[in-house]
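Have a look at the structure below, then the notes.
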Amino acid sequence: MEDNTQTYQPTQPEPGPMPEQSQGDTGSTPMDMPAATPPPAMQPPVVPPAAPASDDNLAAETNAPAAAEPAEAGSPAPGGADIDYEQEFVKYLRYERNMSPETIRAYEKDLHQFMRFFCKETPEIPHPASITTMQVREFLAELKERNYKPTTIVRKLATIRSFYKFLMRKRHITTNPLTTIETPKVEKKLPLSLSVDEVEKLLSAPQGTAFQPARDRAILETLYSTGLRVSELTALNVASLDFSAEVIKARGKGSKERVVPVGSFALQAIKRYVHSREQTHTPDENDPDALFLNRFGKRLSSRSIRKILDKYIKVTGLNKKTSPHTLRHSFATHLLDRGANLRMVQELLGHKHLSTTQIYAQVAKEKIKESYADAHQRP
């Protein structure tokens, strides 16, 4: 049980019933004699008795704050008022969870939106412990009213859950307002993948041996041949490739490395690009090991890869919803179509859980059904 006993603070004593009475004198001074003590303003304080009064009376007499109430559930930990919890969470994602920069930015953006939802009436950002379950529900309801996709709402809710689990683990708060909030069920949509003919059309779009078309062809070939994520592709260094072993060392989520085989077409495209690059471009001195460069010699960003793909989607007239990740989906789907083992595909994609890879098996089944329906039509 918390001790609410308050330490007594000495105060200026109240004057006695008779102004002429001397402090500390047991007797009374005759009325015709002057007081033997200094004026009240100069009097030294009287030491109070050892036994304090009750808490309520003592607080009233001393003007000292009353004893602190026991901390409510969910209240901030002592000494944590000046902590930037959002930045602490970002550091946790970066250094303890080893998440990719893109994932961290997504978490940071979602958390920023959540915390500032409660700043409509005041610019002050609330302490995470002051946010209630009802307020979290209000935030989710507003997302729905603003026509956010269900998958987006689920993602933002996952971010908030991770944030509060982090605060609980670090003991910055004592209760979690999300414990009674259930994650909405979202129907899983099958990922978009291109047919083999569509992939061939896309990969053949960059024409020429100059730096830019050679680079673009190498990028597209590598994405399809390896199933790399865009973040993994942009992180490749020249030393990441082993031409003799025909493999690439990729650094995936959580900074986990995996070795991925590369097809002969992709290897040839990369060799042509590297040769062209050596003739025309010098890598940035601050990042000399980068494999895929922009026209200024700097490492290509994920956004630049998307722009390159969009250019060739427009040229070939493919589905505008095609993204760099579509090539990863196509890679996995085509492997399974040709009889690859699901576990092997899991390893190649760098999936932590097999359940993530199983979605591609469903894509393969749907394609079989479509092929059967097309080939077995009855009048």
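Quick check: anything in the range 138-154 surrounded by 16 or more Cβ atoms within 10 Å (Cβ to Cβ), in a loop (DSSP other than H, G, I, E, B) and touching a residue at least 12 places away in the same chain (Cβ under 8 Å)? No. Within the range 174-190, the set of residues being surrounded by 12 or more Cβ atoms within 10 Å (Cβ to Cβ) and either assigned by TED's automatic domain parsing to the domain that holds VAL363 or not β-branched (Val, Ile, Thr) (or both) comprises ASN176, PRO177, LEU178, PRO184, LEU190. Please work out if PRO283 is under 30 Å from ILE104 (Cβ atoms) and touching a residue at least 40 places away in the same chain (Cβ under 8 Å). So PRO283 does not fit the description; no. For the criterion of being touching a residue at least 24 places away in the same chain (Cβ under 8 Å), touching a helix residue (DSSP H, G or I) at 6+ places or on another chain (Cβ under 7 Å) and farther than 30 Å from LEU140 by Cβ, LEU241 passes. Could you tell me whether any residue of the range 250-264 is more than 32 Å from the chain's Cα centre (by Cα) and assigned to a helix (DSSP H, G or I)? Yes - at least one qualifying residue is present in the range 250-264.
Taking the criterion of being touching a strand residue (DSSP E or B) at 6+ places or on another chain (Cβ under 9 Å) and of a type outside the set (Phe, Trp, Tyr), would at least one residue in the range 299-312 satisfy it? Scanning the range 299-312 turns up at least one residue that is touching a strand residue (DSSP E or B) at 6+ places or on another chain (Cβ under 9 Å) and of a type outside the set (Phe, Trp, Tyr). Of the residues THR222, THR179, the single one that is among the β-branched types (Val, Ile, Thr) and farther than 30 Å from LYS156 by Cα is THR222. Applying the selection to the range 312-324, what residues are part of a helix (DSSP H, G or I) and touching a residue at least 60 places away in the same chain (Cβ under 8 Å)? Matches in the range 312-324: TYR312, ILE313, VAL315, THR316, PRO324. In the range 196-234, the qualifying residues are those that are under 22 Å from the mean Cα position of the chain (by Cα) and part of a loop (DSSP other than H, G, I, E, B), and the one that is nearest to HIS325 (Cα to Cα) is ARG229. With respect to the conditions (1) surrounded by fewer than 15 Cβ atoms within 10 Å (Cβ to Cβ); (2) in a loop (DSSP other than H, G, I, E, B), SER193 falls short on a single one, namely (1).
The values are calculated or read from the model by the stated rules, or taken from the named source; none is laboratory data. Nothing here was measured: the structure is a model prediction, and the numbers come from that model. Heads up, the Cβs are rebuilt from the backbone with ideal geometry, glycines too, and the neighbour counts pull from every protein chain shown.
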